[in-house]
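The values are calculated or read from the model by the stated rules, or taken from the named source; none is laboratory data. Only a predicted model underlies this, so the values are computations on that prediction, with no experimental measurement involved. Neighbour counts run over all protein chains shown; Cβ positions are idealised from the backbone, glycine included. Side chains are part of the model used for accessible areas, which takes the heavy atoms of the whole protein and leaves out ligands, DNA and RNA. Shrake-Rupley method; radii C 1.70, N 1.55, O 1.52, S 1.80 Å.
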Amino acid sequence: MQEEHTENNKKKICIDINEEAWNKETYNAWVERFGTPEEAASKIKKNPAKILSVLYNKFGDVKGKKIMNLMGSNGNRAVALALLGADVTVVDFSEGNKIYALDLAKEANVKIEYILSDVLELHKYNLNNTYDIVFAEMGIIHYFLDLKPFMSLVSNLLAPNGIFVLRDFHPVSTKLITSRGSTAKVRKHKVTGDYFDTTLEEKDAAYSKYLVSDSSPQKVLLRKWNLGEIITAAAESGLIIKSLDEEPNLSCENFDKGIPKTFTLVAEKRYF
């Protein structure tokens, strides 16, 4: 009982730290990264499918489908999907993210729903069995100290035969390998990490690199999961694994050649 209480306290502390970090200066960071909502919307409208990258082919035709973007941040994927005809809901706990996303949607002349909430509190909104597609991507799952509640949430949100798409950084790159050098010719890799390490890591919040202020970067606490843990958590939630793609660095053909940089998991909710 004492161990359970300690673990719950640890989870709460972690959530509080991460939420505080993501509620500071995020709107300004996205303006620095993507431009004003008007500028960013103009770029997305030119080719919304391109914004979705790998996700586009995994989703298929999204017109008329209900889609949930978990921890959808600044809303650029949600706006792209709305432009393609989807009914999109984003959940995220950052007020700055929400304001930027809604401004972005307004400038793109589309509507998205944005729920300001910790994703694990979504049970309060009675959304079970609602969505054709639930997805999360690029730096999401390492915010969770336990993947079971997250995967259970995904399963509950999905309508029968709905799919879950998770695209994230590959654990080989995030847990095992340290890379140095900014170009393919001088890029060097070294195995310095422990693939099976379960300790929390303190890192700068992802948006911090785009801030122009002199303030110190906001810190977050991360639990980096290996691929086996992720797949097992999805399967144990009742989802049926459809595919797992391990991907190289897609930004440059020979950059980090031979090393998996991202992965995309597709799983389905079925009733037997």
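Cross-link pairs exceeding 24 Å between alpha carbons, from the set K65/K106; K43/K106; K66/K242; K148/K188; K50/K106; K58/K98: K148/K188; K58/K98. Taking 0.36 nm per residue of separation and subtracting the Cα-Cα distance, full extension of the segment from E268 to N129 would add 48.8 nm. Placing a label point 7 Å from the Cα of K106 along the Cα-to-Cβ direction, no residue of segment 74-93 has its backbone N under 14 Å from that point. The order of V172, V62 by accessible area, most exposed first and with a 1.4 Å probe, is V172, V62.
Taking label points 7 Å from Cα along the Cα-to-Cβ direction, V191 and N161 give a separation of 4.5 nm.
Taking every protein chain into account, the 1.4 Å probe leaves E39 with about 100 Å² of accessible area, to the nearest ten.
Centroid-to-centroid, using Cα positions, segment 45-105 and segment 147-175 are 17 Å apart.
What's the ranking of 164-170, 43-49 by average number of surrounding C-beta atoms within 10 Å, highest first?
Values: 164-170: 21.6, 43-49: 15.9.
In decreasing order of mean packing, 164-170, 43-49 become 164-170, 43-49.
K219 to V54: extension gain in nm, 0.36 nm per residue of separation minus the Cα-Cα distance?
Full extension from K219 to V54 adds 56.5 nm.
Residues R223, R270, sorted by accessible area with the largest first, give R270, R223 [1.4 Å probe; ligands and nucleic acids excluded].
Of the peptides 77-87, 189-199, the order by per-residue mean of other Cβ atoms within 10 Å, starting with the highest, comes out as 77-87, 189-199. Given R0 = 22 Å, the distance between the Cβ atoms of K45 and K242 translates into a calculated FRET efficiency of 0.10.
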